[in-house]
Ligand SMILES: [Zn+2]
């Protein structure tokens, strides 16, 4: 999956190619896409007043529960890149477990400056999280995973050799 690491200014391609799945586009209450392609909606604040919000081009959130709330509740989230591995499970035989799930987030009103710029939230395995990775930190994780895949290739080669040695295949 290719996702920009920062909200880019709207380009013609971003304006003409829908980037959100149908479920996101049809969710209620939907942010509306203006003729510019930017999704905007009015959010009423619990402490009074309202603010017009605009989604970055990569945001896939329906913001279904974001009509009302505290100012700093708002989070824009991209679609998720994830793979599933069939892990043994006593009850179901195998269970498709999500592994290395990554999505881009930004908390535009966070008190923490690093959360106010797009960052990656990575779940190496279910219910565990590496929060707020910047591009360099995320690239370092990707390099580790890639290097580990090379080591797994080594295990595969040794497995094939081991099976050949005992007459299997
Ligand atoms: Zn959004």
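Since every read-out is calculated from the coordinates, none of them should be taken as a lab result. Everything quoted here is computed from the prediction, not taken from an experiment. Glycine also receives a Cβ, built like all others from the backbone with ideal geometry; neighbour counts cover every protein chain displayed.
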Counting other beta carbons within 10 Å of each residue's own, what order do 41, 88 fall into, fewest first?
88, 41
Would you mind computing, in nm to one decimal, how far apart the modelled labels at residue 164 and residue 67 are, each placed 7 Å from Cα along Cα→Cβ?
6.6 nm
Using a 10 Å cut-off on Cβ atoms, rank the peptides 52-62, 145-155 from the highest mean neighbour count down.
52-62, 145-155
R0 = 45 Å: FRET efficiency of residue 109 with residue 149, Cβ-based, nearest 0.05?
0.70
For an R0 of 45 angstrom, estimate the FRET efficiency from the Cβ-Cβ distance between residue 40 and residue 156 and round to the nearest 0.05.
0.35
